[in-house]
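Report on the structure given below.
The values are calculated or read from the model by the stated rules, or taken from the named source; none is laboratory data. Just so you know, these numbers come straight off a predicted model, no measurement behind them. Because the Cβ atoms are built from the backbone with ideal geometry, glycine has one as well, and the counts that use them run over all protein chains shown. For accessibility, only protein heavy atoms count, side chains too; no ligands or nucleic acids. Shrake-Rupley method; radii C 1.70, N 1.55, O 1.52, S 1.80 Å.
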Amino acid sequence: YASAFNRHVYIDSFFKQWDEDKYLNLGNMLNRNYIQARQIIDEQQIAIWEAKISLGISNNDIKTWSLEQSHYLATAGHEAEWDIHAIAYVELLQKLREA
């Protein structure tokens with residue numbers, strides 16, 4: 001028989017271990033994806049160069065996309081003020097329709 005305290009300790013340790021495993025697996029996946037991307041870039045230089053020419057992509061475009069992605073990832077999870085109001089407005093419209 002386990003006391004309530006022991007159950008809480010067990011549940012807490014379970015979720016801490018689960019978080020550690022999740023982030024370890026995420027780190028491994030990102031590392032493998034990075035290695036694969038580097039291999040593709042190293043092995044497929046000519047194909048990448050030809051694709052850039054056929055699509056009209058410059059190195060500056062790639063740098064711009066990288067900066068845009070970095071900005072997006074830095075701000076992901078932060079809801080814009082207007083977005084919060086828009087969601088609240090839609091929810092109120094849904095409640096009005098249900099009434």
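Contact map, region 2-15: first residue free of Cβ contacts under 8 Å to residues at least 12 places away in the same chain, second residue part of a helix (DSSP H, G or I) and of a type outside the set (Asp, Glu), Cβ cut-off under 8 Å, separation 6 or more or different chains; pairs are Ala2/Tyr10.
With the condition kept exactly as written, say whether any residue in region 81-94 is in a loop (DSSP other than H, G, I, E, B) and modelled with pLDDT under 90. Taking every residue of region 81-94 in turn, none turns out to be in a loop (DSSP other than H, G, I, E, B) and modelled with pLDDT under 90. Selection of region 62-73 for residues being open to solvent by 70 Å² or more (accessible area, probe 1.4 Å) and within 15 Å of the chain's Cα centre (by Cα) yields Glu68, Gln69, His71, Tyr72, Leu73. Close contacts from region 43-56, counting a first residue that is in a helix (DSSP H, G or I) and a second that is of a type in the set (Gly, Ala, Ser) and surrounded by 10 or more Cβ atoms within 10 Å (Cβ to Cβ), with Cβ to Cβ under 8 Å and a gap of 6+ residues or different chains, come to Lys52/Ser58.
Set side by side, the residues Ile40, Ile57 differ, and just one is open to solvent by less than 100 Å² (accessible area, probe 1.4 Å) and within 24 Å of the chain's Cα centre (by Cα), which is Ile40.
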